[in-house]
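Reading through the structure tokens given below for one structure.
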Amino acid sequence: MRLGAGDTFHGEGILAITKGLLQSGVAYVGGYQGAPVSHLLDVMVQAKPYMDELGVHVEACSNEASAAAMLGASIHYPLRGAVTWKSIVGTNVAADALSNLSSPGVTGGVLIVVGEDYGEGASVIQERTHAYALKSSMCLLDPRPDLGRMVDMVEHGFRLSETSNMPCIMELRIRTCHVRGSFECRDNLAPAVSTRAPIAEPAGFDYMRLAHPPVTFRHEKLKGEERLPAARRYIAEQGLNELMPGTHADLGIVVQGGLYNALVRSLQQLGLADAFGETDIPLLVLNVTYPLVPEQVADFCVGKRAVLVVEEGQPEYIEQEIATLLRRRDIQTPLHGCDMLPPAGELGVEVMAGGLSTFAARYLQQHAQDSAGDWLDGNQKRRAEVAATLDAPLPARPPSFCIGCPERPVFSALKLAQQDSGPVHIAADIGCHAFGTFEPFSMGHSILGYGMSLASRAGVSPMMQRRALSIMGDGGFWHNGLLTGVQSALFNGDDAVLLIFKNGYTSATGTQDIISTPDDEVKERAVDKQQSLVDKNNTIESTLKGLGVQWMRTVHTYHVDTMRATLNEAFTTSFNGLKVIIAEGECQLERQRRIKPWIASLLKKGERVVRVKYGVDEDVCNGDHACIRLSGCPTLTIKDNPDPLKVDPVAVVIDGCVGCGLCGANAHAATLCPSFYRAEVVQNPKWHERLLHSLRGALVRALQPA
Amino acid sequence: MNRTQPITLLVCALGGEGGGVLTEWLVDVARHAGFAAQSTSIPGVAQRTGATTYYLEVFPVPLAELGGRRPVFSLSPVPGALDAIVSSELLETARQIGNGMSTPERTLLISSSSRTLTTAERMQLGDGRTDSGRLLDLVKHFSREHHVFDMGAVARDAGTVVSAVMLGAIAGSGLLPFPREAYEHVVGGGKAPEKLGRMAAASLRGFAQAFDIVHSPREQAAMVSRLLATTEQDAPMADQPLPPAIAQLFPPPVHAMLSLGYARVLDYQDAAYAQRYVDRLQHVLAAERAADPAATRGFALTTEMARWLALWMAFDDIVRVAELKSRGSRAQRVHREVRAADGDIVKVYDHFKPGAPEFAALLPAPLAHRITAWDRRRATPWAMPLKVGSHSVVGMASLRLLASLRWLRRRGSRFTEEQVLIERWLAAVLQGTREDWHLGHQIALCGRLIKGYGSTNERGKNNLLHVADHLAAQPGTSAAARAEAIAAAREAALADDAGKALDAALVRHGAPARPVQAQPIRWMKRRPAATP
């Protein structure tokens, strides 16, 4: 981050963007974590000392709405501000503040870095951020995934925002965030107004800066009359969009910047470009996809035999806009897009090449593309062959709970509880616990959004003879669930059951801290670093009490029997208000980060260490695998049956078991077969321990048969 | 126009295997060597042991010779345009082949032979594992060249993670224009060998092993053949040989299984019980001889009965479990499994939860029935959760005491019940065999349904007897048809523990679904809103 002019940055795209922010003299940064942009905020938070040095304020916001609202600072003051989150979901949450920010417009440059979580590897609904740029009149940057270009676009983004008074969104696709490349650095810029050089006096009162009638009507006019034209001028003058000439000047392709590399590779596959991007067909690369510059697009299209618009996702906003502006100018160039390319889904190289070959077949008959045809057909043929070879499709491998995850036992208990109290409607939520929807649990009827589970059963439970269960993580609880769910359920006196996973972090996004995270001092002071420490922070409990929750139980997740009983009680009790079960157990990832170095240091010092591993007696295991259907832990797997008489594989606990205890708890709670054992390996035992053990050992061996 | 293309490499790994580190290494190696390179990944799904991929492109011409021009790299792998795929898990390799990534014309496939079983494969009642042989065929068929070896084993052996092994494999394959030293320099962080940290040293060990395996085809061929050797296994024999007196009663093809079965029943109870096993099996043999005089089927029926009869007769109970858990061999096995060093102390706690039926099993019928009746009257069945420390004197003593109750088992109610059920099944097998060999054989194979303890065991017995009663002797259908129906029902019985598939199969073949087992559900029904 401290790299200056003359240095070369090597690393991931999202870090390059972060560096770009500092080079642009950003004054404040905020956001809410979520793949693929979590890193941006994490790095800034970790680099707090350096940020203070520069006078940059960094805020880990409680959700995207608060991040967007933070941008209000740039309405009055010449502050460059940047926020980040995962889109589309984050943008949905932020929408209200964004509208109210865009209406008065900004003085200081505003850049919203969104991870466009679309296509392969995405974890959310597939929608386009583009719609928000259109409806609120925000510029939308979609830079070519070249680190240098991306960093330039950050700087341009701020200036574009300042010249047009429009907030700018920069959308980065998943692979763009994680692309490894390099760029030539510039010095970081300490902002003129900053935490080190604060503003003396607040701005004077100016009604025009409020998103409040009557000025909102004026704002709307301003968008069309001044801001968009200003933006278009800047985009054209600074050449933010790139024109790439080609030998077939009578054809053209308009492409979103983010898709440029895929397009070039597709053209290569068709023999229409080389490895350096030298293309036969001229390209207009839109590093800014909103607003378009009508003159630029018109000039590109006019006089050509045909133009293809390569645009990802639906609806095809860009193609529609181009069609309109060509029609208005009565330019008759044939326009293609969704008629040749699939309207939905990621535009990978193969898909794109398919569309391009249709385009080429129509307008470049002289260009032989047999090899390309063979390549595309070959792919289809091989896929069919493999499918034919395998009698069944290969089993999927979705992500699942970590080894030793404290959330897994709750789903075991829930499975058992439903055997007692009958199946219940389960309103699921966003977070690691959503893995409970995968095998072996396959639980959850709906997911309506982050922290929305309790709210999403409000219409269900009154219509249901049995009680409905809402599952929520502590991340979702603080992000949204407290207000949309708990407050509403209490206010309406709903008969609801809420289970909150209190693991202490927003784990699914990379274990970021939240207000209920155990303090670092607590972790320092803890004598036994292995124990879960989330019980040391009771913010959730006290908040719920304060709101007036009367029925609240806190259960350690590994007490499967107790959790089962508690769930049964919640499902069947005569208490008709909101019932909250707090499932307590610290995130395993965080615990291991603490435990590993601690154990290592103890062993180094030759001190006593107890290591726990569970195991299965292969000759006692009944090969029914009920234990696996109740756990799904990656280290509880199966192997060939060593008994030549038996045919079905036996369960086995492989290396990597962290001895979390679920196997034992389940064996008791569900009365599984008696094949499980818990082994405690004492390293560097004390002398009296050794003595006792040797004496005991002798006797035990005397009793044992071979 | 310049037609040189980048070298393309797809890396398949599971979350937490260090695929990110691997790509970082590769990009650094390229950079130090002065080549343009780019990697991308989709780590979002990599989290928590899910399947994920990483993608790398390297331009084969040094940057210095490109005259300032920079290649445009693809961010995602292109199906059918890959020079190499490296994968740490065999199923994931096959998955990418299925996606059309690998071509016989172009792609070098380096895959681990090891399997990390998916939940879907692990959770089945029977054996849900995908056939690795099939997957290996795909690897062979859809690659220009392939190297298959157990990356997990190499990593364990070197005390490192699989990413270092994968890097060694890539380096050893000569895919990229970099010398071995270039890789080792990056992995070692440029430090001199004696200055290396433990981790880095381990990484380099793993790197070197994998490099050699892929670099020298001979070792790797041996690896593959060893792999294939382990897949097929020959007929196993029991430790102690079959008494000749018994052996001469049966044809040689049966001996292997018979010796195992005889040994099992003898070890389970006593000589008399073992003799009973032999007698029962002789009836089967006689029936099979009658049904198949020329022995064209090689006594497959008797052999299978030798297996399933022994397993049922040696049914699991607390006495048996105590016996197995208190053996010295078992203590040693546990020590091996937990990888305890010499100085370490190992404490072993066994999880038991015997219920009323388990104890009643050892008591004479009248008393047993009273206890089980009492247990049924309870809201929740009675059970005693125990954590017995089999490393302690008291724990071991109590296990041995329980194990010594073998004599009581014989007088117990369950023993009698099991014998009755065994006879019923046996009768069905004999009856079926007399009618048609296939029918008898299929009923015999249903022994597979009997396994385990408590509810699992009950479920198995109910299923088997229901099948035997309704499908085996179905009036008006040919023996062949019934044999087929039984085979289908047996497979269905292993599909889900609720038995939905089984009932469906039963009905499909004209038999009634199984009677609904009474299961107490305590559920609260919310009253409809009161009308004003």
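Remark on the protein assembly as shown: ratio of C-alpha radius of gyration to 2.2 N^0.38 Å is 1.04. Its Cα gyration tensor gives the range B:318-411 an equivalent ellipsoid; the semi-axes, largest first and in whole Å, are 32, 15, 9.
Quotient of the Cα radius of gyration of the range B:7-229 and 2.2 N^0.38 Å, N being its number of residues: 1.00.
The ranking of A:ARG80, A:ARG591 by Cβ neighbour count inside 10 Å, starting from the fewest, reads A:ARG591, A:ARG80. Compared with the direct C-alpha span, the chain from B:ARG508 to B:GLN332 gains 58.4 nm at full extension, assuming 0.36 nm per residue. Seen through its C-alpha gyration tensor, with square-root eigenvalues sorted a ≥ b ≥ c, the range A:271-378 comes out prolate because a/c lies at 1.5 or above while a/b is bigger than b/c.
In order along the range B:106-113, the Karplus-derived 3J(HN,Hα) couplings, from 6.51 cos²θ - 1.76 cosθ + 1.60 at θ = phi - 60°, round to 10, 8, 8, 10, 10, 10, 6, 7 Hz, and Gly and Pro are given as x. Taking the square roots of five times each eigenvalue of the Cα gyration tensor of the range A:455-601, the equivalent ellipsoid has semi-axes of 31, 16, 13 Å, listed largest first. Here's how it looks for A:GLY659: its modeled amide H is under 5 Å from those of A:TYR614, which are all 5 or more places away or on a different chain.
Taking a ≥ b ≥ c as the square roots of the eigenvalues of the Cα gyration tensor, the range A:204-271 is classed as prolate, since a/c reaches at least 1.5 and a/b is larger than b/c.
Per residue of peptide A:171-179, the mean number of Cβ atoms on other chains within 10 Å of the residue Cβ is 5.
Computed from the Kirkwood radius of its Cα pairs, the Stokes-Einstein diffusion coefficient for chain B at 25 °C and 0.890 mPa s stands at 87 µm²/s.
Taking every C-alpha pair closer than 8 Å and separated by at least 6 residues, the mean separation divided by the residue count of the range A:286-362 gives a relative contact order of 32 percent. Taking amide hydrogens as placed 1.01 Å from N in the peptide plane, the amide H of B:ILE7 sits under 5 Å from those of B:VAL58, B:PHE59, each at least 5 positions away in sequence or on another chain.
For the segment A:608-616, counting C-beta atoms of other chains within 10 Å of every residue's C-beta and taking the mean gives 3. Other protein chain C-beta atoms within 10 Å of residue C-beta, averaged over B:321-327: 4. Over chain A, dividing the summed -39,500 (n - 2.57) contributions of all DSSP H runs of at least 4 residues by the number of residues returns a 222 nm mean residue ellipticity of -11000 deg cm²/dmol. Loop-resident chymotrypsin sites (Phe, Trp or Tyr not before Pro) (DSSP state other than H, G, I, E or B) in the range A:506-589 with no more than 14 further Cβ atoms inside 10 Å of their Cβ: A:PHE575. When the chymotrypsin sites (Phe, Trp or Tyr not before Pro) in the range A:191-226 are filtered for DSSP coil states and for at most 16 other beta-carbon atoms within 10 Å of their beta-carbon, the remaining sites are A:PHE205. Of the peptides B:300-308, B:334-342, the ranking by mean beta-carbon count within 10 Å, highest at the top, reads B:300-308, B:334-342.
Could you work out the relative contact order of the range B:318-411, using alpha carbon pairs under 8 angstrom and six or more residues apart, expressed as a whole percent? Computed value for the range B:318-411: 44 percent relative contact order.
What the Kirkwood sum gives for the range A:416-483 is a hydrodynamic radius of 12.2 Å, with every pair of different alpha carbons counted.
Residue by residue, the range A:201-212 carries 3J(HN,Hα) couplings of 10, x, 5, x, 5, 8, 4, 4, 8, 9, 8, 8 Hz when phi is fed to the Karplus relation 6.51 cos²θ - 1.76 cosθ + 1.60 (θ = phi - 60°); x denotes Gly or Pro. Residues whose amide H comes within less than 5 Å of that of A:ILE582, counting only those at least five positions distant or on another chain, are A:ILE500, A:ARG553, A:THR554, A:VAL555 (H built at 1.01 Å from N in the peptide plane). Divided by 2.2 N^0.38 Å, where N counts the residues, the Cα radius of gyration of the range B:33-123 comes to 1.31. Working from Cα pairs under 8 Å separated by at least six residues, relative contact order for the range B:28-106 is 25 percent.
Phi angles of the range B:262-277 translate, via the Karplus equation with coefficients 6.51, -1.76, 1.60 and θ = phi - 60°, into HN-Hα couplings of 4, 4, 4, 5, 4, 5, 6, 10, 7, 4, 4, 5, 4, 4, 4, 4 Hz per residue; Gly and Pro are given as x. Ranked by the mean number of other Cβ atoms within 10 Å of their residues, highest first, the peptides A:487-493, A:234-240 come out as A:234-240, A:487-493.
Counting only DSSP beta bridges with both residues in the range B:7-229, the antiparallel share comes to about 50 percent. Legend: Rg and Dmax of chain A, from Cα coordinates, 29.8, 101 Å. Here each label is just a point 7 Å from Cα along the line to Cβ, and for A:GLU521 and A:GLN465 those points are 5.5 nm apart.
Only the coordinates and a few stated rules stand behind these numbers; no lab work does. Model, not experiment: these values are computed from the prediction. Positions of Cβ are generated from backbone atoms using ideal geometry, with glycine treated the same way; all protein chains shown enter the neighbour counts.
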